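> Structure in structure tokens, see below.
The values are calculated or read from the model by the stated rules, or taken from the named source; none is laboratory data. Note that the structure is a prediction, hence the values are computed from the model and not measured. Positions of Cβ are generated from backbone atoms using ideal geometry, with glycine treated the same way; all protein chains shown enter the neighbour counts.
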Amino acid sequence: MKIIRQNASPHRLALSFAIGTFIAILPLFGFGIILGLIVVMVFKQLNKPALMSAFVVWNPLIVVPLMAISYQIGDIFFGSAEVIKYKIELLNHLITFTRRFLVGHLIITADLSIISYLVIRFAAFLYELRKKKRQKH
């Protein structure tokens, strides 16, 4: 709620949180916060607290189970699709796993970013409505 109470437009708050969500869920293994700080420094118009709060919401306790689901989603898309065969069997398994994991995780990341944008935008919109009602009375 502290984020929504700031004097930023609902769109800017929601967009900042959605970008933070996208970065926080990506499998960057600790480098996500660094990437988030770089994005905040480059794009000054983003709401910094909203973007950084996504890292709190999407903590490892939530993201790790999403990573487990990612492979299953990628498996739905690739199924028994043939992979380029290398002479090293470990390399074949690594490529198959990585492709399925990354595609599935990108789908989850994009979906959750869009959903988080809509939720924060709606919450900020409701907050603005309540604020206007209180000012009228």
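> Give just the number: which of (1) surrounded by fewer than 18 Cβ atoms within 10 Å (Cβ to Cβ); (2) farther than 28 Å from GLN72 by Cα; (3) at pLDDT 85 or above; (4) not small (Gly, Ala, Ser) does ILE120 not satisfy?
Exception for ILE120: condition (1).
> Which number in (1) at pLDDT below 85; (2) assigned to a loop (DSSP other than H, G, I, E, B); (3) not basic (Lys, Arg) marks the one condition that LEU46 misses?
With (1) at pLDDT below 85; (2) assigned to a loop (DSSP other than H, G, I, E, B); (3) not basic (Lys, Arg) applied to LEU46, the lone miss is (1).
> Right, here's the next one. For TYR127, state whether it is part of a loop (DSSP other than H, G, I, E, B) and either closer than 17 Å to SER9 by Cα or not acidic (Asp, Glu) (or both).
Criteria not met by TYR127.
> Could you pull out the residue among VAL40, VAL56 that is β-branched (Val, Ile, Thr), under 19 Å from SER9 (Cβ atoms) and under 23 Å from the mean Cα position of the chain (by Cα)?
VAL40
Every residue, every condition in (1) in a helix (DSSP H, G or I); (2) over 30 Å from ALA8 (Cα atoms), yes or no:
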| position | (1), (2) |
| --- | --- |
| GLY36 | yes, no |
| ILE69 | yes, yes |
| TYR86 | no, yes |
| ARG99 | yes, yes |
| HIS105 | yes, yes |
| LEU118 | yes, no |
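> In segment 49-67, what count of residues is obtained for those that are among the β-branched types (Val, Ile, Thr) and either part of a loop (DSSP other than H, G, I, E, B) or touching a helix residue (DSSP H, G or I) at 6+ places or on another chain (Cβ under 7 Å) (or both)?
The number of residues fulfilling the criteria is 1.
> I'm trying to understand the selection: among the residues of segment 61-101, which are among the small types (Gly, Ala, Ser), under 20 Å from ALA24 (Cα atoms) and loosely packed, with under 14 Cβ neighbours inside 10 Å?
ALA68
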